[in-house]
Amino acid sequence: MTLPLLKVQNLEAFYIPGMPIVFDASVKVDAGEFVTLLGPNGAGKSTFLKALAGLVPVGEGGICFDGQDLTGVPTHRIVAAGIGFVPQTENVFAQLSIEHNLKAGAHTLPRAVMNERLDEAYERFPALAERRNQAANALSGGQRQMLAIARALMTRPRLILLDEPTAGLAPLVVTEVLESLKTLAGSGIAVLMVEQNVKAALAVCDRACILVEGRNHSEGTPEALMADDGIARAFLGIGKTT
Ligand SMILES: Nc1ncnc2c1ncn2[C@@H]1O[C@H](COP(=O)(O)OP(=O)(O)OP(=O)(O)O)[C@@H](O)[C@H]1O
Ligand SMILES: [Mg+2]
């Protein structure tokens, strides 16, 4: 049996010591797997992702990634281990050009490697290539998310964490962003994302985990979750209304 790429076990995370927000959350992600984290507002989804990115302190539990214990490790070591993070807001430098945003994602790389990574980013997201010298704030909402994703990919992570990558986007653009994440996962880069566009997320992911009040509620394939009437009604916004 192969180990999952990411194994989070019974994690506790908090902003104020003694007042956990995430009490006991466990999530596994395999290499190249696309996992969605769902749950009501205030469930602790963003806090959980931030804890995985080393941006929120963790208490009990553990984070194991690619055979390394990353529990309580600072963000730069988490990035170096191969995890990229795309926060929900302020995930690009609006005043900087697209190219400078991408370079900021990997500023420690030697120039030749940096140029290779830029080529990769532009190949993956051609719309960014055309506008490489324009400021990020000239991009559409969807393109901005593509830039934030491309920036996180500059370090060639094996897992990318995304917090509501489609928030505020028009339905067609939601699909476009999620499809690009599916393509990423298909290329071997695992994806763990928090989403509120539940139906669209379930249409592309391999598995979803539902977090409620900082604890695991349920998990399964999109098909299995949608087939459970109670879950479908309570968390997926689908099912019979009567
Ligand atoms: N910086 C912070 N300091 C203290 N408490 C915080 C902080 N950020 C969030 N919280 C609290 O943590 C709880 C969980 O918030 P979190 O943002 O993780 O939830 P969420 O599941 O991402 O919700 P949403 O679906 O609304 O994005 C909330 O009660 C919130 O008030
Ligand atoms: Mg959130």
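The values are calculated or read from the model by the stated rules, or taken from the named source; none is laboratory data. Since we're looking at a predicted model, the values are computed, not measured. Ideal geometry is used to build each Cβ from the backbone, glycine not excepted, and the neighbour counts take in all protein chains shown. Note: accessible area is taken over every heavy atom of the protein model, side chains too, but ligands, DNA and RNA are not part of it. Shrake-Rupley method; radii C 1.70, N 1.55, O 1.52, S 1.80 Å.
The one condition from (1) within 13 Å of ligand 1 (Cβ to nearest atom); (2) open to solvent by less than 70 Å² (accessible area, probe 1.4 Å) that Gly62 does not meet is (1). Could you list, in sequence order, all residues of segment 126-142 that are open to solvent by less than 40 Å² (accessible area, probe 1.4 Å) and assigned to a loop (DSSP other than H, G, I, E, B)? Across segment 126-142, the qualifying residue is only Leu139.
Yes/no matrix, rows are residues, columns are (1) open to solvent by 20 Å² or more (accessible area, probe 1.4 Å); (2) within 16 Å of ligand 1 (Cβ to nearest atom); (3) out of contact with any Ser or Thr (no Cβ under 9 Å at 6 or more places or on another chain):
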| residue | (1), (2), (3) |
| --- | --- |
| Thr71 | yes, no, yes |
| Ala81 | no, no, yes |
| Val86 | no, yes, yes |
| Glu90 | yes, yes, yes |
| Ala106 | no, no, no |
| Arg151 | yes, no, yes |
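Scanning segment 181-193 turns up no residue that is in a loop (DSSP other than H, G, I, E, B) and in contact with an Asp or Glu (Cβ under 8 Å, 6 or more places away or on another chain). The criterion of at least 1 residues that are aromatic (Phe, Trp, Tyr) and within 16 Å of ligand 2 (Cβ to nearest atom) is met by the following helices (runs of 4 or more DSSP H) wholly inside segment 44-120: 45-52. Would you check which residues across segment 153-165 are open to solvent by less than 20 Å² (accessible area, probe 1.4 Å) and within 16 Å of ligand 1 (Cβ to nearest atom) and list them? Once the filter is applied, which keeps residues that are open to solvent by less than 20 Å² (accessible area, probe 1.4 Å) and within 16 Å of ligand 1 (Cβ to nearest atom), segment 153-165 yields Leu161, Leu162, Asp163, Pro165. Within segment 194-214, take every residue that is away from ligand 2 (no atom under 16 Å from the Cβ) and surrounded by fewer than 17 Cβ atoms within 10 Å (Cβ to Cβ) and give me the one that is farthest from Phe14 (Cα to Cα). Restricting to residues being away from ligand 2 (no atom under 16 Å from the Cβ) and surrounded by fewer than 17 Cβ atoms within 10 Å (Cβ to Cβ), the top hit is Ala203.
What number of residues in segment 24-34 are surrounded by 21 or more Cβ atoms within 10 Å (Cβ to Cβ) and either free of Cβ contacts under 8 Å to residues at least 40 places away in the same chain or within 16 Å of ligand 2 (Cβ to nearest atom) (or both)? Matching residues across segment 24-34 total 2.
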